[in-house]
Amino acid sequence: MENISKIINQFSFDLSKELGSSERDKNIAVSPLSTSAVLSLVLLGSRGATATQIKKVLHLPETPTSLQEERRGFGKLCGKRMKKEEVDDVHNHFHELLSQLKSPQSGSVLTIANAAFTQLNFPLSEDYLKSAETLYQAKLEAVDFQDDKTRQDINSWVEKQTEGKIKDLFPEDSLDTSASLVLVNAVYFKGQWKKKFKEENTRNAPFFLTKDSEISVPMMSQREKFNFGIIEEIDAQIIELPYGTGDLCMFIVLPNEIDGLQKVEEQITSESLMEWTNSKFLTSTKLHVQIPRFKIELSYNLAQYLTNMGMVDAFSQQKANLSGISNIGLYVSQVVHKCFIDVNEEGTEAAAATGAVIIPKSLLQPNTFIVNHPFLCFIKHIATDTIIFHVKVYSP
């Protein structure tokens, strides 16, 4: 099977393009890791066309039907819970990736947590719950969705996992009281720059939204050696800003032209980004770097976007097949996602959370890198080549 990180990265670009398709001149901030983790938890209990569509959206290979039936049949015939080797490779690969990402990061904090909140006394598959716990380290908790305190408790869990950065993932009246299962993923990252920006060097400077429109923003500044590259194919430049000892890094892709971001977005792909962020492509260069200090917090209900991408049946009361979760008909009512990122002189703090609710059917001078117009930035785990956060900054 293809590397799971490549799959997450491909999904990242698909999702960001879908989010930006209707309104290009807006900030975007998502965690493809968080979103794909929740969708994979839904996939774990999906069957038939529902599973096929989710796999297509996530760029996953289709498992032959006979093998799917054999794996499901094994659990039923033997009366055993699904074992790690009896589920699709995607879940085993996700399990391995989460284990790698959770290992200590020198100079950075990266926390990833999954949870499955289930309705008291609802007949959910013990196989599914055990697999979610084993493969995704998902916390399992029985709750009462009829009680609004449950929504508050889920929000509190997310807030705790993200060090208070993601609050109210599920706003008031957003959680259906008829829900039987809520799947949640939370990702928190905090990293100090390997080469910090001195606060006394920060000055207000113009940031050009367009050639004819500008705003004033606090611009951080330093002169240091950074890995840098020129991307002729998309008329842009790229810089690597490492955190701590370099296990995780931010990469900024800056169009050469003030109004060049659309061209960059249309041509950049997950494969090309991996090539351009490879150490073989970049050269250590002494640069005068200026980057705006910014903070972005955004919320999305991803249901319509995922439907547009091809995940149709899961949201349909008539067509959804989540029989791996329960023998009572279920469908996905919403997939909520919230992302927070704070870039300052010390480093970066970022968090994201995704929740799926399942309910019963019913331009640049040499030696300078001045980020004074719209750009893209990515926080990537170097060892696994995984995009943790994908951000478009139109207005800091």
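Going residue by residue through the range 224-234, is there one that turns out to be in the same structural domain as Phe389 (by TED's automatic domain parsing), part of a helix (DSSP H, G or I) and either modelled with pLDDT of 95 or more or in contact with a helix residue (DSSP H, G or I) (Cβ under 6 Å, 6 or more places away or on another chain) (or both)?
Yes, some residue in the range 224-234 is in the same structural domain as Phe389 (by TED's automatic domain parsing), part of a helix (DSSP H, G or I) and either modelled with pLDDT of 95 or more or in contact with a helix residue (DSSP H, G or I) (Cβ under 6 Å, 6 or more places away or on another chain) (or both).
For Val184, are the conditions met, namely being outside the structural domain of Phe378 (by TED's automatic domain parsing) and either at pLDDT 90 or above or assigned to a strand (DSSP E or B) (or both)?
yes
Looking at this structure, is Glu141 among the charged types (D, E, K, R), in the same structural domain as Ser178 (by TED's automatic domain parsing) and assigned to a strand (DSSP E or B)?
yes
Quick check on the range 362-373. Is at least one of its residues of a type outside the set (Lys, Arg), under 14 Å from the mean Cα position of the chain (by Cα) and at pLDDT 90 or above?
no
Can you pull out the helices (runs of 4 or more DSSP H) entirely within the range 1-62 that have at least 1 residues that are within 18 Å of Ser299 (Cβ to Cβ), under 14 Å from the mean Cα position of the chain (by Cα) and hydroxyl-bearing (Ser, Thr, Tyr)?
By residue number, 4-20, 32-44.
Given the range 249-358, what strands (runs of 3 or more DSSP E) lie entirely inside it while holding 1 or more residues that are surrounded by 23 or more Cβ atoms within 10 Å (Cβ to Cβ), outside the structural domain of Lys130 (by TED's automatic domain parsing) and under 16 Å from the mean Cα position of the chain (by Cα)?
Here the list is empty.
Quick one: in the range 326-377, of everything that is touching a Ser or Thr at 6+ places or on another chain (Cβ under 6 Å) and among the aliphatic types (A, V, I, L, M), which residue is farthest from Ser125 (Cα to Cα)?
Here the residue is Ala351.
Which condition from (1) at pLDDT 50 or above; (2) surrounded by fewer than 17 Cβ atoms within 10 Å (Cβ to Cβ); (3) over 26 Å from Phe315 (Cα atoms); (4) touching a helix residue (DSSP H, G or I) at 6+ places or on another chain (Cβ under 8 Å) is the one that Ser106 breaks?
The failed condition is (4).
In the range 1-16, what residues are surrounded by fewer than 18 Cβ atoms within 10 Å (Cβ to Cβ) and either over 27 Å from His95 (Cα atoms) or among the polar types (S, T, N, Q) (or both)?
Asn3
Could you check the range 359-376 and list, in sequence order, the residues that are of a type in the set (A, V, I, L, M, F, W, C), more than 30 Å from Glu163 (Cβ to Cβ) and in a loop (DSSP other than H, G, I, E, B)?
Correct list: Leu363, Leu364.
The values are calculated or read from the model by the stated rules, or taken from the named source; none is laboratory data. These figures come from a predicted structure and were not determined experimentally. Neighbour counts run over all protein chains shown; Cβ positions are idealised from the backbone, glycine included.
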